[in-house]
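A short write-up of the structure that comes next.
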Amino acid sequence: MIKVENVTKNYISGKVKVRALDNVSLEIEEGECVILSGPSGSGKSTFLNIIGFLTRITKGRLWLGDEEVSHFPDHFLSALRREKTGFIFQQFNLLSGYTTWENISLPLVPMGVSEKVRRARAMKLLEELNLETRADFMANELSGGEQQRVAIARALINDPGIILADEPLSNIDAAHVKIVVDILGELKKRGKTIIASFHHSQNEMDKLVDSTVYFESGKIC
Ligand SMILES: Nc1ncnc2c1ncn2[C@@H]1O[C@H](COP(=O)(O)OP(=O)(O)OP(=O)(O)O)[C@@H](O)[C@H]1O
Ligand SMILES: [Mg+2]
């Protein structure tokens, strides 16, 4: 369903060229839960950004279903991202000028969903994540673990088929890890595809995981 074929990704920063991914190939079936594992700098976030249509590949081919999307124009990729994926960012990327519920409901704004419905859907997720009392706090008034749970809620608000999670448990305490893993488990039962990166093995995820992919210096080993 998602196919990455001989993909290389180079970043150029000043005079330094980094080969963040080096000829990697992977196929992920619909409904699978795949963990990306490997040391810092090995290419996990880059891989997630590519399959989340957030960055373009340098070489190779990217497929979604039967369609090769590698060369789709930007506005097509943005539409795919909005409609098909929910992305939990490693750095959360919440907007500081907005409240918790507004941040969560932002993906629904371009779809023309009314404020009343957006707030109701955000509140439902906030309750599941034990955060309903923080609905009207500004994003910068939240603790790190709270921000991470808000970032998770925002990724789920449009009920995406593909959930991409970059170190989604790194700031969360054990009790909330269980809540988040249970939510991911429910989503998997509903047939969602889940792809998540972790620095360290995350035993709590074991019951959900279909396969683990190890990255090392931009290669899958
Ligand atoms: N925008 C960028 N510009 C230049 N280099 C980058 C950029 N993003 C990532 N890199 C480089 O690409 C390599 C892979 O980075 P990436 O973020 O994919 O690693 P990672 O496996 O997610 O690491 P971590 O576990 O620390 O999050 C790193 O060496 C990093 O410095
Ligand atoms: Mg990363």
Practice problem: Please give the calculated 222 nm ellipticity per residue for the chain, where each DSSP H segment of at least 4 residues contributes -39500 (n - 2.57) and the sum is spread over every residue; nearest 500 deg cm²/dmol? | Solution: -9500 deg cm²/dmol
Quiz item: To the nearest Å, what is the center-to-center distance of region 166-199 and region 122-161, using C-alpha atoms only?
Solution: 14
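With a cut-off of at most 15 other beta carbons within 10 Å, and DSSP calling the residue loop, which GluC sites (Glu not before Pro) in region 7-113 qualify? Please list them.
Numbers: sites: GLU27, GLU29, GLU30, GLU32, GLU67, GLU68, GLU83, GLU102; in loops: GLU29, GLU30, GLU32.
Listed in order of number, the matching sites are GLU29, GLU30.
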Exercise. Alpha carbons only, please: Rg and Dmax for the chain, in angstrom.
Key: 17.2, 50
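For GLU68 and LYS15, what does the FRET efficiency come to when R0 = 30 Å and r is the distance between their Cβ atoms, rounded to the nearest 0.05?
On the way: r = 33 Å, r/R0 = 1.10.
Rounded to the nearest 0.05, the efficiency is 0.35.
Expected output is a single nm value to one decimal: the length gained when fully extending between GLU115 and SER143, i.e. 0.36 nm times separation in residues minus the C-alpha distance. What is it?
On the way: separation 28, 0.36 × 28 = 10.08 nm, distance 2.57 nm.
Net length gain for the segment: 7.5 nm.
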Quiz prompt | Accessible-area value, GLU141, 1.4 Å probe, nucleic acids and ligands omitted, Å² | solution = 110
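Take every DSSP beta bridge whose two residues both sit in the chain, then give the antiparallel share in percent to the nearest 5.
On the way: 19 of 37 bridges.
If we restrict to bridges inside the chain, about 50 percent are antiparallel.
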Exercise. Mind checking which lysines have their Cα closer than 29 Å to the Cα of LYS59? Skip sequence neighbours fewer than 8 apart in that chain.
Key: LYS3, LYS9, LYS15, LYS17, LYS44, LYS84, LYS192, LYS219
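Accessible area, 1.4 Å probe, largest first: how do TRP63, TRP101 sort? Before the final figure, lay out each step's value.
Numbers: TRP63 55, TRP101 15 Å².
Heavy-atom accessible area, descending, gives TRP63, TRP101.
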Practice problem: Return the carbon/sulfur percentage of the accessible area of the chain, one whole number, probe 1.4 Å, all protein chains in place. | Solution: 49
Quiz item: Calculated FRET efficiency, SER25 and LYS124, Cβ-Cβ r, R0 45 Å, to nearest 0.05?
Solution: 0.70
Quiz item: So, in nm, how far is label ASN93 from label LYS59 when the simple model puts each one 7 Å beyond its Cα toward the Cβ?
Solution: 2.7
Quiz item: With every protein chain left in place, what is the accessible area per residue of region 2-220 in square angstrom, probe 1.4 Å?
Solution: 49
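Could you give the dipole magnitude of the chain about its Cα centre, charging the beta-carbon of Lys and Arg +1 and that of Asp and Glu -1, in debye to the nearest 20? Present the calculation step by step, with values, prior to reporting the outcome.
Numbers: 27 positive and 29 negative charges, 115 e Å.
With Lys and Arg at +1 and Asp and Glu at -1, about 560 debye.
Find, among the trypsin sites (Lys or Arg not before Pro) in region 3-63, those assigned to loop by DSSP (not H, G, I, E, B) with at most 16 other beta-carbon atoms within 10 angstrom.
Working: sites: LYS3, LYS9, LYS15, LYS17, ARG19, LYS44, ARG56, LYS59, ARG61; in loops: LYS15, ARG56.
Those satisfying the criteria are LYS15, ARG56.
The values are calculated or read from the model by the stated rules, or taken from the named source; none is laboratory data. Since we're looking at a predicted model, the values are computed, not measured. Cβ coordinates were reconstructed from backbone atoms using ideal geometry, including for glycine residues, and neighbour counts include every protein chain displayed. These area figures cover heavy atoms from the full protein model, side chains too; ligands, DNA and RNA do not enter into them. Shrake-Rupley method; radii C 1.70, N 1.55, O 1.52, S 1.80 Å.
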